[in-house]
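Input: a single structure, listed below in structure tokens.
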Amino acid sequence: MKTVVKKLARRAAPKPVQVAARPAQKADAADVIRRLGNDWARYWNAGDLDRIISSYTEDAVYLPPHHPAVHGREAIREYLLAPQRHGVSELAFDVTYIRQSGAVAWDVGTYRMSVPQSDGSSREDHGKYVTVWQRVGERWLIVADAWSSDVPIHEAHSTVGLA
């Protein structure tokens, strides 16, 4: 009888389940998003607006300071043309953290960039950002992108093309 009970117990006992390493997937998403953010800055500094725009979903929203929300990839392109033509350069991001929940991730950090002034000089602008990403197939794309300057508004009034 003991043998029969042991056999039944072995059959009924759940087998160990192999669980995929979720932290590795999160680390992979963080690494990819960190690289994509660096690419965004590199493309901006190279004047490659097409590659920047390809990182957004068709229905993405861009939330710049002192400006209404910009909806859709093509509208974002049109918005970004002005600061690019104005010569905003030396853009760099510093990621504070990246979090992920399934197919959505967000990164929070700071930025700095050089903004040409009307007298021929340039001024550094710096502030913070939050970007929301969504995994679409094998790619991570931006669905929402918001940033704001830490420079007081009375000092930032000459940030032509950014607002």
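Provide GLU58, GLU138 in ascending order of the number of other Cβ atoms located within 10 Å of each residue's Cβ, fewest first.
Working: GLU58 10, GLU138 6.
Ascending Cβ contact count within 10 Å gives the list GLU138, GLU58.
Please rank ASP145, ASP50, ASP31, ASP39, fewest neighbouring Cβ atoms within 10 Å first, as an exposure proxy. Walk me through the intermediate numbers first.
Numbers: ASP145 20, ASP50 8, ASP31 11, ASP39 14.
So the residues, fewest neighbours to most, are ASP50, ASP31, ASP39, ASP145.
Pop a pseudo-label 7 angstrom from the Cα along the beta-carbon direction at both ARG35 and SER121 and give the gap in nm to one decimal.
Here the answer is 4.1 nm between the modelled labels.
Considering Cα pairs under 8 angstrom that are at least six residues apart, work out the relative contact order of the range 39-163 and quote it in whole percent.
On the way: 237 pairs, mean separation 31.2, N = 125.
After rounding, I find 25 percent.
Going by how many other Cβ atoms sit within 10 Å of their own, how do TRP140, TRP106 line up, fewest first?
Result, fewest neighbours first: TRP106, TRP140.
At 0.36 nm per residue, minus the direct Cα-Cα distance, what do ALA103 and THR57 gain on full extension? Give it in nm, one decimal, please.
Working: separation 46, 0.36 × 46 = 16.56 nm, distance 1.38 nm.
Gain on stretching ALA103 to THR57: 15.2 nm.
In whole Å, what is the distance between the alpha-carbon centres of the range 61-111 and the range 33-51?
11
Every read-out reported here was derived from the displayed coordinates using simple, explicitly stated rules and does not represent laboratory data. The shown structure was predicted, so the numbers you read here are calculated from the model rather than taken from an experiment. So basically every Cβ, Gly included, is an ideal-geometry build from the backbone, and we count neighbours across all protein chains shown.
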